[in-house]
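Participant: One structure, pasted below without further comment.
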Amino acid sequence: MSKVASKYEIPSNWHLNADGTYDVDGSVSLLSPYACDGRLVVKFGKVRGDFSCANLGLTTLEGCPEEVGDQFDCSYNKLHNLIGAPKVVMGDFICGYNQLYTLKGAPQKVKGDFHCEKNRLNYMKWAPKEVGGDFYCCDNYLISLKGCPESVGGDFHCNNNLLNILEGAPNVVGGTFNCDNNKLSNLSYSPTVIGNNYNCNRNGLISLKGAPKVVPGNFFCISNKLTSLEGGPKEVGGEYHCGGNSLRTLNGAPDKLGSGFSCWENKLTNLEGAPQIVKGNFDCERNRLTTLKEGPRIVKGKFHCENNNLTTLEGAPEATGDFYARHNHLQNLDGLPQVVGAVDCGQNPIEVIHARYLPILMPDNFKPGALKRLSTIDWEGLTDSLYEYEQWIPKDTHIKHINMTPQQGRELRVLQMSWV
């Protein structure tokens, strides 16, 4: 009888085999008494449900079952390899948070997810050839993906490694592909087919060459060294994010875009190459823009162009949601979209505002210091009663009101008396 059997009652669904191993009708979650000196003190044959030997201080998988009917979990141990792991795993295989230098011993086919993140791996040799779910090899020391499966049914995460090339990456990824925070200079050897998002942030990319042509979800290439978007995907079903680069042009941006577009914090002086119809937000703040011409015609979400060098809004979209243009050099609001939500134009040297804009200006525009030079509100062409604008007229008697009708003038004097 084993040490376990001598100290603890063997569960009724553990069936002893002639070779001393146990088959289990159900799941097994082992606690510390089942391990001694870095190894299991009982051996298993087949387990029909889950099998967990996580967090037991194991240095070897000797004694683990050969077949597991669902999930196998050996995470948070001290393993250097996977020798002794099950050959057949019908669910997830989880070996993350160990000290693995090699995947030798891993099953060649995993129907669920495969997790080997947070180890000491340099290479993917001995990785499973087939993975039906997600594949996580992130947070290692990988310098090569050679040995990875050719296709993955779910996500593929190789972020936070030392990769300078994607050679060996799966050709087909059913979900998201994430190579964030590596040392890539281009995207050669990327999957040609992905099912959701593509994330190549924080790499030092100088080119998007090799990116898939179609990204059904979101595309992220933030915080790289890109000067152009040429070579990137031509069709993106979700959002496109290319902020934090050194872009001088948006040429190469996708022809088809399903949602928002952000190109904040680049070196753009104009918006040439931008998508013409943006179904979400458009964010071009913190660039060097002197014009909005050649930018999108329609933006269905918010439009951000703060912190640029704009002196005019000519060329702004025909229609947008809320419009943000703080911290520019605007002297008026000419060119503001015809269809617009609320407008924030604070911290601009605007001296004259036409009264028609008052209802859409955010209240913050009239806080002290927001529009320091505002001196005049122009009522030209408007004959409506001032009482219809009362809630939006700034209560500042130093602001002049020009081109008013006589009736509007009388109404203004009544309102000014109520401000005292």
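Participant: Say R0 is 45 Å: what FRET efficiency, to the nearest 0.05, do Ile402 and Thr269 get from their beta-carbon distance?
Facilitator: Using R0 = 45 Å, I get an efficiency of 0.80.
Participant: Of the options Val278, Ser190, Gly260, report the single residue whose Cα projects farthest towards the positive end of the charge dipole of region 125-283 (beta-carbon charges: Lys, Arg +1; Asp, Glu -1).
Facilitator: Value computed over the given set: Ser190.
Participant: If you don't mind, there's one more thing I want to ask. Would you work out the relative contact order for the chain, in percent, from Cα pairs under 8 angstrom that are 6 or more residues apart?
Facilitator: Value for the chain: 5 percent.
Participant: Highest GNM mean-square fluctuation, the chain, Cα pairs closer than 10 Å: which of Gln331, Gln276, Gln391?
Facilitator: Gln391
Participant: Tell me the GluC sites (Glu not before Pro) within region 125-183 that lie in a loop according to DSSP and have at most 14 other beta-carbon atoms within 10 Å.
Facilitator: Glu150, Glu167
Participant: Considering only Cα-Cα distances, which of the following residue pairs are longer than 18 Å: Lys183/Lys225; Lys43/Lys129; Lys87/Lys111?
Facilitator: The pairs that break the limit, which is 18 Å between Cα atoms, are Lys43/Lys129.
Participant: Could you list which residues have their amide H under 5 Å from that of Val28, counting only those 5 or more apart in sequence or on another chain, with H placed in the peptide plane?
Facilitator: Residues meeting the amide H criterion: Asp50, Phe51, Ser52.
Participant: Can you work out the Karplus-derived ³J(HN,Hα) for every residue in region 196-205? Use 6.51 cos²θ - 1.76 cosθ + 1.60 with θ = phi - 60°, whole Hz, and x for glycine or proline.
Facilitator: 8, 8, 10, 10, 10, 4, 6, 10, x, 4
Participant: Taking +1 at the Cβ of each Lys and Arg and -1 at the Cβ of each Asp and Glu, which of Leu386, Tyr141, Asn308 sits farthest along the dipole of the chain towards its positive end, judged by Cα position relative to the Cα centre?
Facilitator: Toward the positive end, the furthest listed residue is Tyr141.
Participant: While we're looking at this one, here's another question. List the lysines whose alpha-carbon lies under 18 Å from that of Lys300, not counting same-chain residues fewer than 8 positions away?
Facilitator: Cross-link targets: Lys256, Lys279.
Participant: Nearest 500 deg cm²/dmol is fine: what mean residue ellipticity at 222 nm does the chain get from its DSSP H runs of n ≥ 4 alone, each adding -39,500 (n - 2.57), divided by its residue count?
Facilitator: It comes out at -1500 deg cm²/dmol, rounded to the nearest 500.
Participant: To continue, here is another question. When we measure straight from the Cα of Lys213, which aspartates and glutamates land under 13 angstrom away, once same-chain ones fewer than 8 places off are left out?
Facilitator: Of all the aspartates and glutamates, those that pass the test against Lys213 - Cα under 13 Å, at least 8 places apart if same chain - are Glu230, Glu235, Asp255.
Participant: Would you please give the residues with an amide H less than 5 Å from that of Ala35, counting only those at least 5 places away or on a separate chain, with H modeled from the backbone geometry?
Facilitator: Long-range HN contacts for Ala35: Val41.
Participant: Which order results if Tyr101, Tyr324 are arranged by neighbouring Cβ count within 10 Å, fewest first?
Facilitator: In order of increasing Cβ crowding within 10 Å: Tyr101, Tyr324.
Participant: Quick check for you: which residues of region 389-418 have the amide N under 19 Å from the point 7 Å beyond the Cα of Lys367 toward its beta carbon?
Facilitator: Residues 392-396 fall inside that zone.
Participant: Ok, one more. What length, rounded to one decimal in nm, is gained on full extension from Lys256 through to Glu294, with 0.36 nm per residue of separation minus their alpha-carbon distance?
Facilitator: Going from the current span to full extension adds 12.0 nm.
Participant: Convex hull over the alpha-carbon atoms of region 172-277: what's its volume per residue in Å³?
Facilitator: 71 Å³
Participant: Straight-line reach from Lys367: which aspartates and glutamates have a Cα under 12 Å away, not including same-chain ones fewer than 8 places off?
Facilitator: Counting by Cα, and skipping residues close in sequence, Lys367 has these aspartates and glutamates nearby: Asp344, Asp396.
Participant: By how many nm would the segment from Gln391 to Ile83 grow when fully extended, if each residue of separation counts as 0.36 nm and the alpha-carbon distance is taken off?
Facilitator: 103.4 nm
Participant: Also, quick follow-up: Taking Cα pairs under 8 Å and at least six residues apart, what relative contact order does region 174-261 come out at, in percent?
Facilitator: 23 percent
Participant: Sticking with this structure for a sec: Can you tell me the dipole magnitude for region 337-390 around its Cα centre, using point charges on the Cβ only (Lys, Arg +1; Asp, Glu -1), in Debye to the nearest 20?
Facilitator: The calculated dipole for region 337-390 is roughly 260 debye.
Participant: When a footprinting reagent is the concern and you count Cβ atoms within 10 Å, what order do Met362, Met124 take, fewest first?
Facilitator: Listing Met362, Met124 from fewest to most nearby Cβ atoms yields Met362, Met124.
Participant: How much length would be gained if the chain were fully extended between Gln416 and Val214, taking 0.36 nm per residue of separation minus their Cα-Cα distance, in nm to one decimal?
Facilitator: 66.7 nm is the gain from fully extending Gln416 to Val214.
Participant: Could I ask something else about it? How much of the DSSP beta bridge set in the chain is antiparallel, as a percent to the nearest 5?
Facilitator: Once the DSSP bridges in the chain are tallied, antiparallel ones form about 10 percent.
Participant: Along Cα→Cβ, 7 Å out, is where each label goes; now give me the distance between the ones at Lys43 and Lys225 in nm to one decimal.
Facilitator: Reported label-point gap for Lys43 and Lys225 is 5.5 nm.
Participant: If you place +1 on the Cβ of every Lys and Arg and -1 on the Cβ of every Asp and Glu, how big does the dipole about the Cα centre of region 253-337 come out, in debye to the nearest 20?
Facilitator: 160 debye
Participant: To the nearest 10 degrees, how steep is helix 406-419 against the longest Cα principal axis of the chain, on a 0 to 90 scale?
Facilitator: 60 degrees
Participant: Given Cα pairs under 8 Å that are at least 6 residues apart, what percent is the relative contact order of region 36-150?
Facilitator: Averaging sequence separation for qualifying contacts and normalising by length gives 18 percent for region 36-150.
Participant: Rounding to the nearest 20 debye, state how big the charge dipole of the chain is about its Cα centre with +1 on each Lys and Arg Cβ and -1 on each Asp and Glu Cβ.
Facilitator: My answer is approximately 1000 debye.
Participant: On to the next question. Using θ = phi - 60° and the Karplus form 6.51 cos²θ - 1.76 cosθ + 1.60, what ³J(HN,Hα) does each residue of region 23-30 get, whole Hz, x for Gly and Pro?
Facilitator: 9, 10, 8, x, 10, 10, 10, 7
Participant: For region 264-270, in order, what is each residue's ³J(HN,Hα) by Karplus, 6.51 cos²θ - 1.76 cosθ + 1.60 with θ = phi - 60°, in whole Hz (x at glycine and Pro)?
Facilitator: Using θ = phi - 60°, the values come out as 5, 6, 10, 10, 6, 9, 8 Hz.
Participant: Any idea how far the Cα center of region 43-68 sits from the one of region 305-383, in Å?
Facilitator: 67 Å
Computed from the coordinates by the stated procedures, all read-outs in this text should not be read as laboratory data. Not measured: the values here are computed from a predicted model. Cβ coordinates were reconstructed from backbone atoms using ideal geometry, including for glycine residues, and neighbour counts include every protein chain displayed.
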